[in-house]
Amino acid sequence: MIPWLLSVPVLLLQAPAPLPVVEAKDLPKAPRGPMIPQIPDAGAEAGLTGQARAGARRGPSVPALQLPPGSVRVMDKVPDISGWRAYAVEVPAGGKVKAHVVEGRKAWFRVLGVNAWGREEPGLLQNRIPTGEPQATYENRSAESRTIYFIVDTLDANMSGEPYTLEVTRG
């Protein structure tokens, strides 16, 4: 048997390097957040909690945190009754980025990819059918750098303080 063939399976089994982990409280606020997306609130409900959530979701924009360059894992919690948090990502020309909730009650979250106007644009892909895998991707097809926002949204009105981990990988 050829000795170098024995090393091939070992090379294939090596795990990729872990992503750097940051706490959301250590991230700077983005200069601006995206405008409120015009989508139905999946966590809307009747009653006082639903009214409070709807009131917290009104406003000109969703507050956003600025993500550092490179791939990263963000440890965060649902900030308040609004049930969502935005993350600003700078994507260079031709760049790709994926945001995926990898820990927490994943089936109770969704990830929306939007531009600064709270709308989809070419290159943004997201789950339309709930699969339990909250993720969205963006491929910058333009010749200039773009700021894209990934909004982690909850599907239940009573999730304030619920922890989750968002993994943002760049390609």
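The values are calculated or read from the model by the stated rules, or taken from the named source; none is laboratory data. Keep in mind that this is a model prediction, so the values were computed, not measured. Ideal geometry is used to build each Cβ from the backbone, glycine not excepted, and the neighbour counts take in all protein chains shown. For the accessible areas, the whole protein counts, side chains as well, though only heavy atoms, and no ligand, DNA or RNA atoms are used. Shrake-Rupley method; radii C 1.70, N 1.55, O 1.52, S 1.80 Å.
Taking K and R as +1 and D and E as -1, what net charge do the other residues with C-beta under 11 Å from the C-beta of P79 add up to?
On the way: positive: K25, K77, R85; negative: D76, D80, E162.
Value of the local net charge: 0.
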Subject >> J(HN,Hα) series, the stretch 98-107, from Karplus relation 6.51 cos²θ - 1.76 cosθ + 1.60, nearest Hz, glycine and proline x >> reply: 10, 10, 8, 6, 10, 9, x, 7, 4, 5
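For the stretch 29-171, what does the accessible surface come to per residue with a 1.4 Å probe? Please give it in Å². All intermediate terms of the calculation are to be shown ahead of the outcome.
Working: 7170 Å² over 143 residues.
So the stretch 29-171 comes to 50 Å² accessible per residue, rounded to a whole number.
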Original post:
Taking the Cα centre of the chain as the origin and placing charges on Cβ (Lys, Arg +1; Asp, Glu -1), which of V111, P28, Q135 is farthest toward the positive end of the dipole?
Top reply: P28
Original post:
What nm value, rounded to one decimal, do you get for the distance between D26 and E139 when each label is placed 7 Å out toward the C-beta?
Top reply: 3.3
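Longest span of the chain, sites excluded, free of GluC sites (Glu not before Pro) in DSSP loop with at most 14 other C-beta atoms within 10 Å?
Numbers: sites that count: E45, E144.
After excluding every exposed loop site, the longest remaining stretch is 46-143.
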Subject >> Of the trypsin sites (Lys or Arg not before Pro) in the stretch 14-90, those whose Cβ has at most 13 other Cβ within 10 Å and which sit in DSSP loop >> reply: R58
**OP:** Just the Kirkwood number for the stretch 36-124, please: inverse of mean 1/r across all distinct Cα pairs, in Å, one decimal.
**Re:** 14.9
**OP:** Can you pull the one-decimal nm distance between simple spin-label points at Q38 and E162, each 7 Å off the Cα toward Cβ?
**Re:** 2.8
**OP:** May I ask for log10 I(q)/I(0) of the chain at q = 0.12, 0.15, 0.19 Å⁻¹, from a Debye sum over the Cα atoms as equal point scatterers with solvent left out?
**Re:** -0.56, -0.81, -1.25
Original post:
How large is ³J(HN,Hα), in whole Hz, for each residue of the stretch 35-52 in order, when computed from phi with the Karplus curve 6.51 cos²θ - 1.76 cosθ + 1.60 and θ = phi - 60°, using x for Gly and Pro?
Top reply: 5, 4, x, 8, 10, x, 7, 5, x, 5, 8, 7, x, 5, 5, x, 5, 5
**OP:** Loop only per DSSP, at most 15 neighbouring Cβ atoms within 10 Å: give me the chymotrypsin sites (Phe, Trp or Tyr not before Pro) in the stretch 30-134, ordered by residue number.
**Re:** W117
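If I stretch the segment between A52 and R105 completely, what's the gain in nm (0.36 nm per residue apart, minus their alpha carbon distance), one decimal? Walk me through the intermediate numbers first.
Working: separation 53, 0.36 × 53 = 19.08 nm, distance 2.24 nm.
Extra length available between A52 and R105 comes to 16.8 nm.
How about the stretch 100-162: which trypsin sites (Lys or Arg not before Pro) there are in a DSSP loop, with at most 10 other Cβ atoms within 10 Å of their Cβ?
Numbers: sites: R105, K106, R110, R119, R128, R141, R146; in loops: R105, R119, R128, R141.
Listed in order of number, the matching sites are R128.
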**OP:** Express in whole angstrom the spacing between the alpha-carbon centres of the stretch 69-112 and the stretch 133-171.
**Re:** 3
Subject >> Residue-averaged 222 nm ellipticity for the chain, from DSSP H runs of 4+ at -39500 (n - 2.57), nearest 500 >> reply: -3000 deg cm²/dmol
